[in-house]
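J.: Provided herewith is a single structure, encoded as structure tokens, for subsequent inquiry.
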Ligand SMILES: [Zn+2]
């Protein structure tokens, strides 16, 4: 008979006062995990589950042993490397968002200048 191992950690929401529980279960040599947040319940993109799996979550001290145990179960996976990929892509995204904001500001400044010139009156040859 196979031992069933259950490990849970509590994660604080980054956008609200909500707390979510990420639970990993090992049964018959297979590890599954789920979060009880709205996205997690629908097996959708859940940053809490990703955070725990990739080792980037912040957990309470009382959950530290479970968090470490989950990390040991997943140490052979590529999830830690995926967290590095996400970090790099997040930095690139922030840089692009910053550049997009600057370009949008430039576009609006040009449009505003042209409209102001036309409002004031532009000399033309007729
Ligand atoms: Zn979640």
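The values are calculated or read from the model by the stated rules, or taken from the named source; none is laboratory data. Values in this document were obtained by computation on a predicted structure and should not be read as measured data. Don't worry about glycine lacking a Cβ; one is built from the backbone with ideal geometry, like all the others, and counts go over all protein chains shown.
J.: So which helices (runs of 4 or more DSSP H) stay within the stretch 1-101 end to end and still have 2 or more residues that are at pLDDT 90 or above and away from the ligand (no atom under 16 Å from the Cβ)?
T.: Filter on the stretch 1-101 gives 64-73.
J.: Okay, moving on. Every residue in the stretch 111-121 that is loosely packed, with under 10 Cβ neighbours inside 10 Å and either assigned to a helix (DSSP H, G or I) or modelled with pLDDT under 95 (or both), please.
T.: Listed by number, the residues that qualify are 116, 118, 119, 120.
J.: Looking at the stretch 21-57 only, could you name the residues that are touching a helix residue (DSSP H, G or I) at 6+ places or on another chain (Cβ under 8 Å) and touching a residue at least 40 places away in the same chain (Cβ under 8 Å)?
T.: Residues satisfying the conditions are 24, 26, 31, 52, 57.
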